[in-house]
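Since every read-out is calculated from the coordinates, none of them should be taken as a lab result. Since the structure is predicted, the reported quantities are computational estimates derived from the model, not experimental observations. For neighbour counting, all protein chains shown are included, and Cβ atoms are generated from backbone atoms with ideal geometry for every residue, glycine included.
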Amino acid sequence: MTFSAASPLSGHVTVPGDKSISHRSLMLSALAVGESRVEGLLEGEDVLATAAAMRAMGADIVRDDEGVWHIYGVGVGGLLQPETALDMGNSGTSTRLLMGLLASHDLTATFVGDASLSKRPMARVTEPLARMGASFTSSPGDRLPLTMKGACPAVPLDYRLPVASAQVKSAILLAGLNTPGITRVVEPVPTRDHSERMLRGFGADLNVEVEADGARIITLVGEAELKPQNIVVPGDPSSAAFPMVAALLVPGSQVTIANVGLNATRAGLIDLLREMGGDIAVINAREVGGEPVGDLVVTASALHGVEPDPARAPAMIDEYPVAFIAAALAQGRSVFRGLEELRVKESDRIATMAAGLRAIGVMVEELEDGIIIEGSGGAPLAGGGPIATRLDHRIAMSFAVAGLVSRDGVTIDDMAPVATSFPTFVPLLQTLGAIA
Ligand code: S3P
């Protein structure tokens, strides 16, 4: 598919539900006793993989005609042995969080995934979960396909995260739910805190202490009893990132993106774009289901290059690909460092972005832990392609945005991965007038 130079974008749109919160809604509801209701669930392939897995282990999950999801949970410790392998598709979050959830159940499960997921490292979760008593037979390099045998009772863990990862933190906390005693996770660098907020919301005894140096100590009392909840999922800030950057870059645009989650552990891109000179206003700030939410009014702006502090990385970890597109249109050079985690996402996002940016005429230097980008100062990018998206939804959407500010258009080799997180991406660009 080719994305070409756009006339000014305008309009009022919403983005689908938050992917992180959607996965957790299904998992925690499946562990509560009774019926939970979830509104605004992201109906993307990744979340549907989680729903299928929870069904395969005994939860009853139905979507009604109004789009509300009803989950009838089995109670903590009540998951059943799945009869077939759990197909995780492209979804690292499903895989790592479910491995945690199952680690303290007396069952054996096999996880399989697509070519992208089968390249991603799993040792970051198998290592702490093995200390809790689970055992694993994985493919070379701790990769999928992988079979795990859970431990019941599991042993509570006291763990300091060696990598800033909400997935690893969440896997351990979810394992702790069905483990006697207190599970403790220390995160030196804060990562998204949806698991903590939602576990508390479901009635778990979870406590967070913040140390003087900013480290967070999370303790969870095991053998929890979870109570069913009514959940309203806010719009995903990681999806809003694409129309947000598009509206900043296409001259003359003004776009409202309503109902976007603004949790501080996720809002790093907004801060970065504002530092670059982006005009992003938050209106109707409110709280929905324990999460801060607002409407974003984004007005096209001349941007300048930045050298963002790597400490900000966890709060915008999924937004770097599209931030690199913003940097490619900015005035001057941007230097991004401290981003080695990007090499183990759905693709190696440093290499994939560097190759794609070069292919559309941007001067870049790839670093081991980041990238240096020479901005065009607002001049349209040359364009070209086809861009190799490597089964990575955020690469596809980032280069689609680049096409809107290109001379010759940008061709994407494969838009199918977009369905994992943002099935309405192309229709949303149509609503804004970005594509015919
Ligand atoms: C996620 C955490 C992040 C993020 C992923 C979703 C989550 O991964 O990249 O898309 O829902 O916990 P890491 O925790 O591995 O950085």
Problem - Whether region 35-100 is rounded, prolate or oblate, judged on the alpha carbon gyration tensor where a/c under 1.5 counts as rounded - result: oblate
Handout entry: Note, ³J(HN,Hα) from phi for region 122-127, Karplus 6.51, -1.76, 1.60, rounded to Hz, x at Gly and Pro
Key = 10, 4, 4, 9, 5, 5
Handout entry: Cα gyration tensor category, rounded, prolate or oblate, for the chain with a/c compared to 1.5
Key = prolate
Practice task
Specify the angular offset, from 0 to 90 degrees and rounded to the nearest 10, of the alpha carbon long axis of helix 19-31 from the longest principal axis of the alpha carbons in the chain.
Solution key: 10
Completion exercise
Expressed in angstrom and rounded, the centroid-to-centroid distance over alpha carbons for region 250-271 and region 285-359 is 12
Completion exercise
Counting only residues 5 or more apart in sequence or on a different chain, those whose built amide H sits under 5 Å from that of VAL74 are LEU31, ALA32
Handout entry: Helix-only mean residue ellipticity at 222 nm for the chain, each DSSP H run of n ≥ 4 adding -39500 (n - 2.57), per residue, nearest 500
Key = -8500 deg cm²/dmol
Fill in the blank from the handout: antiparallel share of DSSP beta bridges within region 19-229, to nearest 5, in %, is 85
Practice task
Under 24 Å Cα to Cα from LYS345, which lysines show up? Leave out anything in the same chain fewer than 8 places away.
Solution key: LYS19, LYS119, LYS169
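Summing +1 for each Lys or Arg and -1 for each Asp or Glu, what net charge is found among the other residues whose Cβ lies under 12 Å from the Cβ of VAL233? Don't skip to the end; give the middle numbers.
Values: positive: LYS19, ARG24, ARG37; negative: ASP18, GLU39, GLU43, ASP236, GLU291.
With Lys, Arg at +1 and Asp, Glu at -1, the neighbours total -2.
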Fill in the blank from the handout: With +1 on the Cβ of every Lys and Arg and -1 on the Cβ of every Asp and Glu, the dipole magnitude of the chain about its Cα centre, in debye rounded to the nearest 20, is 320
Fill in the blank from the handout: Between the residues SER347, SER94, SER7, the Cα farthest towards the positive end of the dipole of the chain, that dipole coming from +1 and -1 charges on the beta-carbon of Lys, Arg, Asp and Glu, is from SER347
Problem - Under 5 Å, built H, 5+ apart or other chain: amide partners of ALA5 - result: SER406, GLY409
Fill in the blank from the handout: Taking a ≥ b ≥ c as the square roots of the eigenvalues of the Cα gyration tensor, with a/c under 1.5 meaning rounded and otherwise prolate when a/b exceeds b/c and oblate if not, region 1-140 is oblate
Problem - Charge context of ALA215, other residues only, Cβ under 10 angstrom, K/R +1, D/E -1 - result: -2
Exercise for the section: Could you work out the local net charge near THR256, counting Lys and Arg as +1, Asp and Glu as -1, over the other residues with Cβ closer than 14 Å to its Cβ? Expected result: -2
Practice task
Putting +1 on Lys and Arg Cβ atoms and -1 on Asp and Glu Cβ atoms, find which of ILE182, GLN254, MET148 reaches farthest to the positive end of the dipole of region 143-275.
Solution key: MET148
Fill in the blank from the handout: The helix 237-249 Cα axis meets the longest alpha-carbon principal axis of the chain at an angle in degrees, between 0 and 90 and rounded to 10, of 0
Handout entry: Among beta bridges that DSSP assigns inside the chain, antiparallel share in %, nearest 5
Key = 75
Handout entry: For region 175-192, Karplus couplings with θ = phi - 60° (6.51, -1.76, 1.60), whole Hz, Gly/Pro x
Key = 5, x, 4, 9, 10, x, x, 10, 9, 10, 10, 10, 10, x, 10, x, 10, 3
Completion exercise
HN-Hα couplings for region 410-427 via Karplus (6.51, -1.76, 1.60; θ = phi - 60°), in whole Hz with x for Gly/Pro, come out as 10, 9, 9, 5, 8, 8, 4, x, 4, 5, 5, 10, 8, x, 9, 4, 5, x
Handout entry: Most fluctuating residue given options ARG266, ARG192, ARG337, as computed from a GNM of the chain linking Cα atoms under 10 Å
Key = ARG337
Completion exercise
In the chain, taking the dipole from +1 charges on Lys and Arg beta carbons and -1 charges on Asp and Glu beta carbons about the Cα centre, the listed residue (ALA224, LEU199, VAL306) farthest towards the positive end is VAL306
